[in-house]
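What follows is a short report on a single structure.
The values are calculated or read from the model by the stated rules, or taken from the named source; none is laboratory data. Keep in mind that this is a model prediction, so the values were computed, not measured. When we count neighbours, we look across all protein chains shown, and the Cβ atoms used for this are built from the backbone with ideal geometry, even at glycine.
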Amino acid sequence: MEAPRSQFAVKWLPSLTDFAFLMPVALLFGKMGGVNALLSDCDTGWHIRTGDWIVTNRLIPTHDVFSFSKPGGVWFAWEWLSDVLFASLNSAAGLRAVVLFSLLLLCVTFALLFRLVRQHANPVVAFVITIIAAAASSVHWLARPHLFTMFFLVVFCGVLERVRCGQTHIGGLPWFVLLPVLTVLWTNLHGGFFVGIMLLGIYGAGELAGALFSADQQSRRPAVLRARRYFGTALGCLVASLVNPYTYRLHLHLWQYLRDPYASRHIGEFLSLSFHHPIAIFFESMLLLAGASIFWYGSHGRFIEPLQLLVWGHVGLLAARNIPIFMIVAAPIVARAAQVWLAGVPKLEVAGWVRAAAKQFNRRAARLAETDALPRWHAISLAGVALVAALLFAPAPPKHFRSEYDPKSYPAAAINVLRRDPSARIFTNDEWGDYLIWRLYPAGRVFVDGRSDFYGADFEEKYIDVLNVKYNWEQILSDFQVDTILLPPSAPLTGALKESSRWRVVYDDGVALVFRSLHEAGGTPISVASLGSGAGRDREVTKTQARDQAITDTKPKI
């Protein structure tokens, strides 16, 4: 009787999978400031409004519906399925539902990653590696469709590892048949679907490299056959990715966009990570482990893993938004090597206390593995989700659980002034342009927003010229018939507008200023000074501050 009772009690206890599942919750609310981090980029707003348009019109947009600067321009809403999902969630329960779904997607992603890493290492190593991967990936945790790419990448990595281990079928169907099916879904949820195709291609290239450098003639033919299967599946996924509203034109558009050097020079998340950033230590740790793993795998005649680490490590160094991709791919590869290294420490000619410590660690990790393998009901995971949901949907949620765009960073109060003239042609930065779509659409239109692939480099250069008060800034605004300008006090253009005889401040709340052209302005300006809340603002915005800017900070993307 005691044994069944003991097993029943164990089912209620948390497992390491539960802790991995709740890891994003702990990081988000313990280190990142809560919901505000997920909503620190207002692209979510235009994604939701795109979904609203699709649901209302029952069409996938092919031309712009948000701007007055490029009305009717050709537009690829390549994340249309995510947009519909986000819009449906928002219609049902507001931004709280979008936030909760995004957080759940992160939780599932890293729980699956832990399970994948756990196949190659003891639970302690697997959990530590998963923590490192999650912490570094948090640099790009936003309530946006790219979270689906993180999820599908873990799924693809898991499938490919199963195939390498000989598990070629699931439920009677080959895994390599299911991957193209998943690619169709991935393609319509987010444009990162090509990551899965590249992953398959690298597996094939690794097998070919193994055949090329193999001294054993008999092992070459099987390696070539495996490479053909990987390449064939990659081709199948590529063909499957054509099942989208834009067919091959989406691929051409993505290719042109990613080849354009504009994004890597001007858009924050496309820039390389500053190694002064708080998460850099986790990224650096994985890079160091990856470097050691490359030599270890190479010395054992394995080429798939080194190629994966080299390709995705390079991609992660190029742009901060690619760091989660590298971390997810690297985690199981590094964990496998680390497990072998730890197992070999007791055999090394090192100090006795080192060998003893390694033996003790390996023994305890083995016992933990046995305990952690016992079946659980994952009650702690369910309780954690229920608690977060209760706080998010509370009538007066705590500060870290408020599903709203920070009114100290976005022009929330200025919206009431802007609504008075729905026909106004408003110039603002791209981040606030996203916010205007979120708050004013369909009555209002924007000059620019976060869809940099839509506007193109030539237009964006003009936008930057205005923001930086280049000599032709007034002519550009005149060409687009801009009659209203919305900017934060710290913007360089704000100072120029205050000095200009052609523009007048009609609203100022310390977060945002609204300027109207002289022939449009009327009435008494509304100033934060008259409300007694603007003291010290001018002095503070010019203060020199040393800080690290995260790519998720609320600021113009460009």
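Couple of notes before you dig in:
- Answer from 289, 317, 307, 273 - the residue that is assigned by TED's automatic domain parsing to the domain that holds residue 40, under 17 Å from the mean Cα position of the chain (by Cα) and either in a helix (DSSP H, G or I) or closer than 24 Å to residue 216 by Cα (or both): 317
- Under the condition of being polar (S, T, N, Q) and buried (at least 20 other Cβ atoms within 10 Å of the Cβ), the residues counted in the stretch 155-201 number 3.
- So residue 415, is it touching a Lys or Arg at 6+ places or on another chain (Cβ under 6 Å) and of a type in the set (A, V, I, L, M): yes
- Odd one out for residue 394, checked against (1) in contact (Cβ under 8 Å) with a residue 60 or more places away in the chain; (2) over 30 Å from residue 490 (Cβ atoms); (3) of a type in the set (Gly, Ala, Ser); (4) touching a helix residue (DSSP H, G or I) at 6+ places or on another chain (Cβ under 8 Å): (1)
- Looking across the stretch 38-68 at every residue that is out of contact with any helix residue (DSSP H, G or I) (no Cβ under 9 Å at 6 or more places or on another chain) and among the hydroxyl-bearing types (Ser, Thr, Tyr), the one that is nearest to residue 84 (Cα to Cα) is identified as 56.
- In the stretch 389-425, the qualifying residues are those that are among the aliphatic types (A, V, I, L, M) and assigned to a loop (DSSP other than H, G, I, E, B), and the one that is surrounded by the fewest Cβ atoms within 10 Å (Cβ to Cβ) is 396.
- Selection count where residues are outside any loop (DSSP other than H, G, I, E, B) and either surrounded by fewer than 18 Cβ atoms within 10 Å (Cβ to Cβ) or of a type in the set (A, V, I, L, M) (or both), scope the stretch 240-261: 10
- Taking the listed residues 116, 95, the one that is touching an Asp or Glu at 6+ places or on another chain (Cβ under 8 Å), under 30 Å from residue 128 (Cβ atoms) and not aromatic (Phe, Trp, Tyr) is 116, with no other qualifying.
Yes/no matrix, rows are residues, columns are (1) out of contact with any Gly (no Cβ under 9 Å at 6 or more places or on another chain); (2) within 30 Å of residue 11 (Cβ to Cβ):
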site: 330; (1), (2): no, no
site: 340; (1), (2): yes, no
site: 347; (1), (2): yes, no
site: 352; (1), (2): yes, no
site: 357; (1), (2): yes, no
site: 361; (1), (2): yes, yes
site: 365; (1), (2): yes, yes
site: 369; (1), (2): yes, yes
site: 374; (1), (2): yes, yes
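- Some residue of the stretch 115-131 being modelled with pLDDT of 95 or more, within 19 Å of residue 158 (Cα to Cα) and among the charged types (D, E, K, R): yes
- Residue, farthest from residue 145 (Cα to Cα), within the stretch 451-460, restricted to residues that are touching a residue at least 24 places away in the same chain (Cβ under 8 Å) and of a type in the set (D, E, K, R): 460
- Residues (within 26 Å of the chain's Cα centre (by Cα) and among the aliphatic types (A, V, I, L, M)) located in the stretch 194-234: 195, 197, 198, 199, 200, 202, 234
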